[in-house]
Amino acid sequence: MGGTSACKGWSVQDVVTHLGHFFQTIADPGLVLPDNPSGKAEQLNDLAVAERRHCHWSQEEALAYYEKQASAALPVLAALQEPPAADTPLPAPSWACIP
């Protein structure tokens with residue numbers, strides 16, 4: 001997990017913790033997101049990755065974080081596939097094209 005990724009400035013471990021954070025936002029409605037005055041999703045992602053980078057997690061700890069958050073979020077995502085949730089539009093932040 002120590003290599004580089006296609007996301008500029010992110011390691012593979014950063015990508016894993018980013019995905020874990022994404023799942024955590026789904027599974028934990030009480031999660032406080034980093035302040036993001038730009039309103040852009042990529043800025044929020046960078047802020048969340050920076051927060052987790054400062055935890056100095058080992059690769060095993062980063063993977064365990066991802067697995068814990070994914071196992072909590074996947075049932076929530078499955079439930080969103082059924083009406084009425086499936087028929088309800090959700091606002092999304094400004095998305096960018098990541099190479």
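Assorted remarks:
- Length gained when the stretch Ala78-Asn36 is fully extended (0.36 nm per residue, less Cα-Cα span): 12.3 nm
- Computing FRET efficiency as 1/(1 + (r/R0)^6) for Glu51 and Asp87, where r is the C-beta to C-beta distance and R0 is 35 Å, gives about 0.55.
- Direction-averaged projected area, Cα convex hull, the stretch 12-80: 4.9 nm², rounded to one decimal.
- Label-point gap, in nm, between Ser71 and Lys8 - each point 7 angstrom along Cα→Cβ: 3.8
- The residue list Gln24, Ser11, Gln81 was ranked by how far each Cα lies along the charge dipole of the chain toward its positive end, using unit charges on Cβ atoms, and Ser11 comes out on top.
- Relative contact order for the chain: 37 percent, from Cα pairs under 8 Å spaced at least 6 residues apart, divided by residue count.
Throughout, read-outs are computed from the coordinates displayed, never taken from laboratory work. Since we're looking at a predicted model, the values are computed, not measured. All Cβ positions, glycine included, derive from the backbone under ideal geometry; neighbour counts span all protein chains shown.
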